[in-house]
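**Q** Dropping a structure here in structure tokens format, bear with me for questions.
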Amino acid sequence: MLASAEKLARVGADFLICPDNTIHQGLPFVDQRSPLPWLHIAEVVAAEAAGRGFRRLGLTGTRWLVESGVYPEKLAARGLECVRPTAAEREETSRLIMEELVYSVFKPDTVAAFQRVIARMKDEGCDAVILGCTEIPLIIGDANSPLPTLDSTRLLARAALRRAVSVR
């Protein structure tokens with residue numbers, strides 16, 4: 001991350017982003033030494049959730065992300081709650097992401113599996129769900145999700161565009 005940050009700083013970047021949710025686990029280790037500021041994907045999602053009035057958010061993604069503190073920490077900083085998939089759900093959704101979605105395999109059963117996880121989160125009182133993986137929005141969105149969705153990648157891209165326009 002630092003090597004990339006330094007290269008981007010040398011070519012004139014004003015700030016940095018990374019659309020990979022899981023890699024944000026490493027950001028605290030490099031942030032202080034980074035030559036440029038980073039837009040944190042979970043901070044962007046938390047800001048959007050708070051702005052839309054959501055209070056209790058389900059989190060979907062690979063098990064590495066879901067088991068980390070990336071989202072719970074940033075959501076809690078805004079007074080928002082985070083609900084994670086169960087251990088079995090984490091294993092299944094992570095497997096589906098890594099064995100199917102990353103290879104552009106989109107099966108109805110996979111969509112149904114994510115819908116079941118999101119529906120359970122809704123039953124637990126969630127009012128929105130974070131799509132915390134770049135591949136999940138390929139099969140899940142507001143049109144087929146039991147809860148309103150927060151597409152982390154799209155939200156980060158929009159935040160980066162707003163920031164880039166304001167920097168110039």
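**Q** Quickly run through the stretch 74-110 and pick out the residues that are touching an Asp or Glu at 6+ places or on another chain (Cβ under 6 Å) and either open to solvent by 70 Å² or more (accessible area, probe 1.4 Å) or closer than 12 Å to Arg56 by Cβ (or both).
**A** Selection gives Val83 alone.
**Q** Suppose we filter the stretch 135-157 for residues that are more than 18 Å from Leu57 (Cβ to Cβ) and either of a type in the set (Lys, Arg) or part of a loop (DSSP other than H, G, I, E, B) (or both); how many remain? Before you say what the answer is, go through the steps one by one.
**A** Within the stretch 135-157, the subset more than 18 Å from Leu57 (Cβ to Cβ) is 135, 138-139, 143-144, 157.
Among the residues that remain, those that are also either of a type in the set (Lys, Arg) or part of a loop (DSSP other than H, G, I, E, B) (or both) are: 135, 139, 143-144.
Within the stretch 135-157, residues that are more than 18 Å from Leu57 (Cβ to Cβ) and either of a type in the set (Lys, Arg) or part of a loop (DSSP other than H, G, I, E, B) (or both) number 4.
**Q** For the stretch 5-58, how many residues are assigned to a helix (DSSP H, G or I), modelled with pLDDT of 95 or more, surrounded by 15 or more Cβ atoms within 10 Å (Cβ to Cβ) and not hydrophobic (A, V, I, L, M, F, W, C)?
**A** 2
**Q** Would you check which residues across the stretch 158-168 are out of contact with any Leu (no Cβ under 7 Å at 6 or more places or on another chain), in a helix (DSSP H, G or I) and open to solvent by 60 Å² or more (accessible area, probe 1.4 Å) and list them?
**A** Arg158, Leu161, Arg162, Val165, Ser166, Val167
**Q** Looking at (1) surrounded by 15 or more Cβ atoms within 10 Å (Cβ to Cβ); (2) on the phi > 0 side of the Ramachandran plot, can you tell me which one Arg63 breaks?
**A** Unmet condition: (2).
**Q** Go through the stretch 111-134 and give me each residue that's open to solvent by less than 60 Å² (accessible area, probe 1.4 Å) and either among the basic types (Lys, Arg) or in a helix (DSSP H, G or I) (or both).
**A** Selection gives Val111, Ala112, Ala113, Phe114, Gln115, Val117, Ile118, Ala119, Arg120, Met121.
**Q** OK, next. Given the residues Val117, Val66, Val83, Val105, which is the only one that is over 21 Å from Ala159 (Cα atoms), β-branched (Val, Ile, Thr) and more than 18 Å from the chain's Cα centre (by Cα)? Reasoning before the result, please.
**A** Values: Val117 fails: more than 18 Å from the chain's Cα centre (by Cα); Val66 fails: more than 18 Å from the chain's Cα centre (by Cα); Val83 fails: more than 18 Å from the chain's Cα centre (by Cα).
Step by step, each of Val117, Val66, Val83, Val105 is checked, and only Val105 is over 21 Å from Ala159 (Cα atoms), β-branched (Val, Ile, Thr) and more than 18 Å from the chain's Cα centre (by Cα).
**Q** Can I ask one more? What number of residues in the stretch 72-110 are among the hydroxyl-bearing types (Ser, Thr, Tyr) and either assigned to a helix (DSSP H, G or I) or in contact with a Gly (Cβ under 7 Å, 6 or more places away or on another chain) (or both)? Break it down stepwise before answering.
**A** Filtering the stretch 72-110 for residues among the hydroxyl-bearing types (Ser, Thr, Tyr) gives 86, 93-94, 103-104, 110.
Going one step further and asking which of them are either assigned to a helix (DSSP H, G or I) or in contact with a Gly (Cβ under 7 Å, 6 or more places away or on another chain) (or both), we end up with 93-94, 103, 110.
Number of matching residues: 4.
The values are calculated or read from the model by the stated rules, or taken from the named source; none is laboratory data. These numbers come from a predicted model, not from an experiment. With ideal geometry, Cβ positions are generated from the backbone for all residues, glycine too; neighbour counts draw on all protein chains shown. Quick note on the areas: whole protein, heavy atoms, side chains included, nothing else; ligands and nucleic acids left out. Shrake-Rupley method; radii C 1.70, N 1.55, O 1.52, S 1.80 Å.
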